Amino acid sequence: MNNQFVLSYELLVLLRWLIDNDENKIKKIIGNALKSGLQEELQLLDNTENLSELSELQHSITDFLGVMEALLLETSSEHIKEKARQQKLLPSLDQIDTTLCDDTTVRFSVEKATAELAENPSANAKELLYKELLKRWQPADKNLKN
């Protein structure tokens with residue numbers, strides 16, 4: 001049985017960023033949890049000898065990290081679409097074949113294109129996006145043809 005859990009680099013960066021930048025918000029979340037029943041659950045832990053219950057609680061960390069990663073991906077995708085919408089790149093973004101170009105490549109390309117558009121608003125947005133995509137795109141199939 002394989003008991004390994006892999007954390008993405010993006011999730012690790014998010015966790016570090018949250019601790020470095022939102023420690024007070026995290027403290028408030030914990031305070032609200034304590035007021036909303038966490039304190040009682042913690043007291044129950046002190047009184048339990050049930051190892052399966054403790055094991056189940058330890059597995060919740062993988063659930064938590066999985067949810068954090070899913071929320072990070074979802075929010076990142078929403079952020080990209082919002083930036084693309086603001087720069088009128090959404091139609092161009094919808095034309096990208098996501099089976100050939102991964103989300104990370106698209107995300108970084110949109111970020112770079114929108115940054116360039118902010119500096120040069122008269123530039124062709126679609127052209128900038130596709131140029132950035134081509135810079136970063138690494139096809140998985142070397143025999144790929146149009």
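Residues Lys131, Lys83, Lys88: which one is charged (D, E, K, R), open to solvent by 30 Å² or more (accessible area, probe 1.4 Å) and within 24 Å of Tyr9 (Cα to Cα)?
Lys83
So which pairs qualify, if the first residue must be in the stretch 61-88 and within 26 Å of Lys112 (Cβ to Cβ), the second must be among the basic types (Lys, Arg) and modelled with pLDDT under 85, the Cβ gap must be under 7 Å, and the two must be at least 6 apart or on different chains?
Ser76/Arg107; Ile80/Arg107
Which of the residues that make up the stretch 111-128 are open to solvent by 70 Å² or more (accessible area, probe 1.4 Å), over 11 Å from Leu89 (Cα atoms) and of a type outside the set (A, V, I, L, M)?
Hits for the stretch 111-128 are Lys112, Glu119, Asn120, Pro121, Ser122.
Could we say that Asp63 is out of contact with any Leu (no Cβ under 7 Å at 6 or more places or on another chain), assigned to a helix (DSSP H, G or I) and surrounded by fewer than 12 Cβ atoms within 10 Å (Cβ to Cβ) here?
It is true that Asp63 is out of contact with any Leu (no Cβ under 7 Å at 6 or more places or on another chain), assigned to a helix (DSSP H, G or I) and surrounded by fewer than 12 Cβ atoms within 10 Å (Cβ to Cβ).
Got at least one residue in the stretch 21-43 being outside any helix (DSSP H, G or I) and modelled with pLDDT of 80 or more?
yes
Which of the residues belonging to the stretch 118-131 are over 19 Å from Ile96 (Cα atoms) and part of a helix (DSSP H, G or I)?
Listed by number, the residues that qualify are Ala118, Glu119.
Does Asp103 qualify as being of a type outside the set (Lys, Arg), open to solvent by 90 Å² or more (accessible area, probe 1.4 Å) and within 17 Å of the chain's Cα centre (by Cα)?
Against the criterion (of a type outside the set (Lys, Arg), open to solvent by 90 Å² or more (accessible area, probe 1.4 Å) and within 17 Å of the chain's Cα centre (by Cα)), Asp103 qualifies.
For Phe108, all conditions in the list (1) part of a helix (DSSP H, G or I); (2) loosely packed, with under 15 Cβ neighbours inside 10 Å; (3) modelled with pLDDT under 85 hold save one; what is the number of the exception?
In the conditions (1) part of a helix (DSSP H, G or I); (2) loosely packed, with under 15 Cβ neighbours inside 10 Å; (3) modelled with pLDDT under 85, Phe108 misses (2) alone.
The values are calculated or read from the model by the stated rules, or taken from the named source; none is laboratory data. From a predicted model like this one, the values you see are computed outputs, not experimental measurements. With ideal geometry, Cβ positions are generated from the backbone for all residues, glycine too; neighbour counts draw on all protein chains shown. Areas reflect the complete protein model, heavy atoms only, side chains present, ligands, DNA and RNA absent. Shrake-Rupley method; radii C 1.70, N 1.55, O 1.52, S 1.80 Å.
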